[in-house]
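K.L.:
Before I ask anything, let me first share the structure, which is written out below as structure tokens.
The values are calculated or read from the model by the stated rules, or taken from the named source; none is laboratory data. Predicted model only: the values in this text are computed from it and were never measured. FYI the Cβ positions are ideal-geometry reconstructions off the backbone, even for glycines, and counts take in every protein chain you see.
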Amino acid sequence: MKKSILLTFIIVLSAVLAACGGGNEETVKVGISGTDTSTWDFVAEKAAEEGINIEIISFNDYVQPNTALADGELDINSFQTVAYFDEFIEERDLDLAPIATTYLAPMGLYSDSLAAPEEIPDGGKIALPNDVSNQGRALMLLEDAGLITLVDNYDGLGSISDSVVENPRNIELVETAPAQIPRALGDVDAGVINNGIARDAGYNPVEDSIYHEDETATDYVNIIASRSEDTDDETLQRVAELFQEEDTKQFIEEEHDGSLIPAFLPLEEIGW
């Protein structure tokens, strides 16, 4: 009799747990770089309501999130631009692929004295980053702003002298350590500053810049990546959908005060 009662209790308990989703929860391990988990925390709350447990794993560099993903230690990662991702997986021969886009952390052109790129005078000075990856991106920003023209099919590499083919205002491009550019604005007409350094210096990349990237800078949109074999996984696709919902877009805009631009683009637009 006691055994029968115990068996009945176990069956009922199992049914209750199943009805509550306790036996069907899936865990998705998400790798990020840095300590700001706010947006993924928001997505995780929504995912939990659907029986998906998102576990956020933070790394302190831009290498481990990809190698850990390739090694199966993560299910997805979310920390990198399309340009960085494409170069990294080619160099390391990793079988990874994007499953969704997230946002753009726009690089901007800033000035202490001018309100628009058109106001930069002939012979004016623009400080731009002296490291290869940021400098190439800065040159493309200046071209987009109508200040210079770059060689056809510019790949973001090469020296300034080899890359700039037209400079009608004879603007002097002053190569400067990225972290020094905010302090150098008093000595130049304008400076190109990447998103993180601008925010650390107290600037809002959208509101305080005189020109900045938008969603058309598809090489620099951030992505969610998975192993290529998992790109059609229903759970991972659902997580990507939750990230790209309207309430997540609003959260990103409000949480980051407009300094990050939600960019939910078709993968075809980023070359995938």
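K.L.:
What residue, among those in segment 22-31 that are touching a residue at least 12 places away in the same chain (Cβ under 8 Å) and in a loop (DSSP other than H, G, I, E, B), is farthest from L104 (Cα to Cα)?
P.N.:
Among those residues, the one meeting the criterion is N24.
K.L.:
When you scan segment 32-41, do you find a residue that is assigned to a loop (DSSP other than H, G, I, E, B), among the hydrophobic types (A, V, I, L, M, F, W, C), modelled with pLDDT of 95 or more and surrounded by 13 or more Cβ atoms within 10 Å (Cβ to Cβ), even just one?
P.N.:
no
K.L.:
I would also like to ask the following. Here are some residues: D162, D152, D144. Which one is under 17 Å from H212 (Cβ atoms) and either in contact with a strand residue (DSSP E or B) (Cβ under 6 Å, 6 or more places away or on another chain) or assigned by TED's automatic domain parsing to the domain that holds A201 (or both)?
P.N.:
After ruling out the rest, the residue left standing is D144.
K.L.:
Sticking with this one: Would you check which residues across segment 42-83 are loosely packed, with under 13 Cβ neighbours inside 10 Å and part of a helix (DSSP H, G or I) and list them?
P.N.:
Scanning segment 42-83 gives a single hit, E45.
K.L.:
Oh, and also: Could you list, ordered by first residue, the pairs with Cβ atoms under 9 Å in which the first is in segment 224-247 and farther than 16 Å from Y103 by Cβ and the second is modelled with pLDDT under 95, at least 6 apart or interchain?
P.N.:
Cβ pairs passing all conditions: none.
K.L.:
Now a separate question. Take segment 166-188 and flag every residue that is without any contact (Cβ under 8 Å) to a residue 40 or more places away in the chain, in contact with a Leu (Cβ under 9 Å, 6 or more places away or on another chain) and surrounded by 13 or more Cβ atoms within 10 Å (Cβ to Cβ).
P.N.:
Result: N167, single match.
K.L.:
Next question, about the same structure. Within the set of pairs 6+ apart or on separate chains, which have a first residue in segment 45-62 that is at positive phi, a second that is assigned to a loop (DSSP other than H, G, I, E, B) and modelled with pLDDT under 95, and C-beta atoms under 6 Å apart?
P.N.:
Here the result reads G51/G21; G51/N24; G51/E25, each pair linking segment 45-62 to a residue that is assigned to a loop (DSSP other than H, G, I, E, B) and modelled with pLDDT under 95.
K.L.:
Sticking with this structure for a sec: Out of the residues in segment 200-223 that are surrounded by fewer than 22 Cβ atoms within 10 Å (Cβ to Cβ) and among the β-branched types (V, I, T), state the one that is farthest from P98 (Cα to Cα).
P.N.:
By that ranking, first place goes to I210.
K.L.:
Could you grab me the full set of residues in segment 115-147 that are among the aliphatic types (A, V, I, L, M), crowded, with 21+ Cβ neighbours inside 10 Å and free of Cβ contacts under 8 Å to residues at least 60 places away in the same chain?
P.N.:
Correct list: A138, L139, L142, L147.
K.L.:
Considering segment 188-213 alone, what residues qualify as being part of a helix (DSSP H, G or I) and of a type in the set (D, E, K, R)?
P.N.:
If the condition is that a residue be part of a helix (DSSP H, G or I) and of a type in the set (D, E, K, R), then R199, D200 are the ones that fit.
K.L.:
Here's something else I'd like to know. For T216, all conditions in the list (1) hydroxyl-bearing (S, T, Y); (2) at pLDDT 95 or above; (3) assigned to a loop (DSSP other than H, G, I, E, B) hold save one; what is the number of the exception?
P.N.:
(2)
K.L.:
Look at S259 and say whether it is over 14 Å from the mean Cα position of the chain (by Cα), within 25 Å of I76 (Cβ to Cβ) and in the same structural domain as F88 (by TED's automatic domain parsing).
P.N.:
So S259 does not fit the description; no.
K.L.:
Looking for whichever is within 30 Å of E268 (Cα to Cα), modelled with pLDDT of 95 or more, among the hydrophobic types (A, V, I, L, M, F, W, C) and not in a loop (DSSP other than H, G, I, E, B) here; the options are L185, L139. Which one fits?
P.N.:
After ruling out the rest, the residue left standing is L139.
K.L.:
Now, a different point. If the requirement is being touching a residue at least 24 places away in the same chain (Cβ under 8 Å), closer than 15 Å to L242 by Cβ, hydroxyl-bearing (S, T, Y) and not assigned by TED's automatic domain parsing to the domain that holds Q135, which of these qualifies: T81, T102?
P.N.:
From the options T81, T102, the qualifying one is T102.
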